[in-house]
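Asks: Take this structure first; my questions come after.
The values are calculated or read from the model by the stated rules, or taken from the named source; none is laboratory data. Worth saying up front: this structure is predicted, and the values here are computed from it rather than measured. Note: ideal-geometry Cβ built from the backbone for every residue, glycine included; neighbour counts use all protein chains shown.
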Amino acid sequence: MNKKIKIEVSARHIHLKKDDFEKLFGENAKLTVKKELSQPGMFAANETVSVKNENFQIDNLRIVGPLRSYTQIELSKTEARKFKIDPPLRRSGNIENSSGMIIIGPKGEIEINEGVIIAKRHIHMTLKDAEEINVKDGDLLKVKTVGERGLIFENVVARVDENFSWAMHIDTDEGNAGGIQEVEEGEVVLK
Ligand SMILES: [Zn+2]
């Protein structure tokens, strides 16, 4: 028996650590909530930044809050190509030796030497969810989608945390490849 899952397409976005946020927005600035996301406590902020290198620039890059302990930009491979960079495919938070970028906010500009990644597709789940399907954090799963461009996503990372809720995240390239709109349903293939 397979288990149904909601698949959400994550567009490019940025996470900021406090120190960098203050350099970009000023010392007393605060992130404000535009829209709550499916993961408890996480939100798309009203605040955006620009990011650039010598080849390309993207404006209005949405900040996903709350602030984190690291600064990270998540792009699709298609977007990375426009910058002529080749960021590694990584689990969120694992930014060592990833690509660099210049970040521009309303009050300042910073340059990061690492922090740009392509996010590995993943499923957020609680420990209870993980036990139910008999997997542990870091395990790789298969997810099947339906429709005209239906496909099977392999190597979907299980991310287990008490604060998560059952949902799969893919990027815009993956969404387009599978004909998946913003939110759609898939099935975790259980052995
Ligand atoms: Zn996610």
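Asks: Can you confirm whether Glu22 is within 16 Å of the ligand (Cβ to nearest atom), without any contact (Cβ under 8 Å) to a residue 12 or more places away in the chain and among the acidic types (Asp, Glu)?
Replies: Numbers: within 16 Å of the ligand (Cβ to nearest atom): no; without any contact (Cβ under 8 Å) to a residue 12 or more places away in the chain: yes; among the acidic types (Asp, Glu): yes.
Taking the combined requirement at face value, the residue does not satisfy it.
Asks: Follow-up question, since we're still on this one. Those residues that are surrounded by fewer than 17 Cβ atoms within 10 Å (Cβ to Cβ), assigned to a strand (DSSP E or B) and away from the ligand (no atom under 16 Å from the Cβ), I need them from the stretch 55-94; list them, please.
Replies: Answer for the stretch 55-94, where residues must be surrounded by fewer than 17 Cβ atoms within 10 Å (Cβ to Cβ), assigned to a strand (DSSP E or B) and away from the ligand (no atom under 16 Å from the Cβ): Gln57, Asp59, Asn60.
Asks: Right, something else. Kindly provide the set of residues from the stretch 124-142 that are under 12 Å from the mean Cα position of the chain (by Cα) and closer than 24 Å to Asp86 by Cα, ordered by number. Don't jump to the end; show me each part of the working.
Replies: Restricting attention to the stretch 124-142, the residues satisfying the condition of being under 12 Å from the mean Cα position of the chain (by Cα) are 124.
Once the filter is applied, which keeps residues that are under 12 Å from the mean Cα position of the chain (by Cα) and closer than 24 Å to Asp86 by Cα, the stretch 124-142 yields nothing.
Asks: Ok, one more. Sort through Ile180, Ile152 and tell me the only one that's more than 30 Å from Ser50 (Cβ to Cβ), more than 13 Å from the ligand (Cβ to nearest atom) and β-branched (Val, Ile, Thr). Before you say what the answer is, go through the steps one by one.
Replies: On the way: Ile180 fails: more than 30 Å from Ser50 (Cβ to Cβ).
Going through Ile180, Ile152 in turn, the sole match is Ile152.
Asks: If a residue has to be among the aliphatic types (A, V, I, L, M) and out of contact with any helix residue (DSSP H, G or I) (no Cβ under 9 Å at 6 or more places or on another chain) to count, how many in the stretch 61-113 make the cut? Let's see the steps before the verdict.
Replies: The first filter runs over the stretch 61-113 and keeps only residues among the aliphatic types (A, V, I, L, M), leaving 61, 63-64, 67, 73, 75, 80, 85, 89, 95, 101-104, 110, 112.
With out of contact with any helix residue (DSSP H, G or I) (no Cβ under 9 Å at 6 or more places or on another chain) added as a condition, the list becomes 61, 64, 73, 80, 85, 95, 102.
Number satisfying all stated conditions: 7.
Asks: A further question follows. What do you reckon, is Val157 within 16 Å of the ligand (Cβ to nearest atom), within 13 Å of Ile5 (Cβ to Cβ) and among the β-branched types (Val, Ile, Thr)?
Replies: no
Asks: Could I ask something else about it? Within 18 Å of the chain's Cα centre (by Cα), more than 16 Å from Glu109 (Cβ to Cβ), among the acidic types (Asp, Glu) and modelled with pLDDT of 95 or more - does that describe any residue in the stretch 73-83? Outline the logic, then answer.
Replies: Let us first name the residues in the stretch 73-83 that are within 18 Å of the chain's Cα centre (by Cα), namely 73-81.
Imposing the further condition that a residue be more than 16 Å from Glu109 (Cβ to Cβ) reduces the set to 74-81.
Add one more test, that the residue is among the acidic types (Asp, Glu), and what stays is 74, 79.
Within this subset, residues satisfying the condition of being modelled with pLDDT of 95 or more are 74, 79.
Looking through the stretch 73-83, at least one residue is within 18 Å of the chain's Cα centre (by Cα), more than 16 Å from Glu109 (Cβ to Cβ), among the acidic types (Asp, Glu) and modelled with pLDDT of 95 or more.
Asks: Suppose we filter the stretch 48-59 for residues that are farther than 11 Å from His13 by Cβ and free of Cβ contacts under 8 Å to residues at least 24 places away in the same chain; how many remain?
Replies: From the stretch 48-59, those farther than 11 Å from His13 by Cβ are 50, 52-57, 59; that's our starting set.
Subsequent filtering for residues that are free of Cβ contacts under 8 Å to residues at least 24 places away in the same chain retains 54, 57, 59.
Number satisfying all stated conditions: 3.
Asks: Looking at Ile5 and the list (1) among the aliphatic types (A, V, I, L, M); (2) within 16 Å of the ligand (Cβ to nearest atom); (3) closer than 23 Å to Ser99 by Cα, which single condition is not satisfied?
Replies: Exception for Ile5: condition (3).
Asks: For the stretch 95-117, does any single residue satisfy the condition of being within 16 Å of the ligand (Cβ to nearest atom), crowded, with 18+ Cβ neighbours inside 10 Å, outside any strand (DSSP E or B) and touching a residue at least 12 places away in the same chain (Cβ under 8 Å)?
Replies: Here is the first cut: in the stretch 95-117, the residues within 16 Å of the ligand (Cβ to nearest atom) are 95, 117.
With the extra rule that they be crowded, with 18+ Cβ neighbours inside 10 Å, the set shrinks to 95, 117.
Within this subset, residues satisfying the condition of being outside any strand (DSSP E or B) are 95.
With touching a residue at least 12 places away in the same chain (Cβ under 8 Å) added as a condition, the list becomes 95.
Yes: one or more hits.
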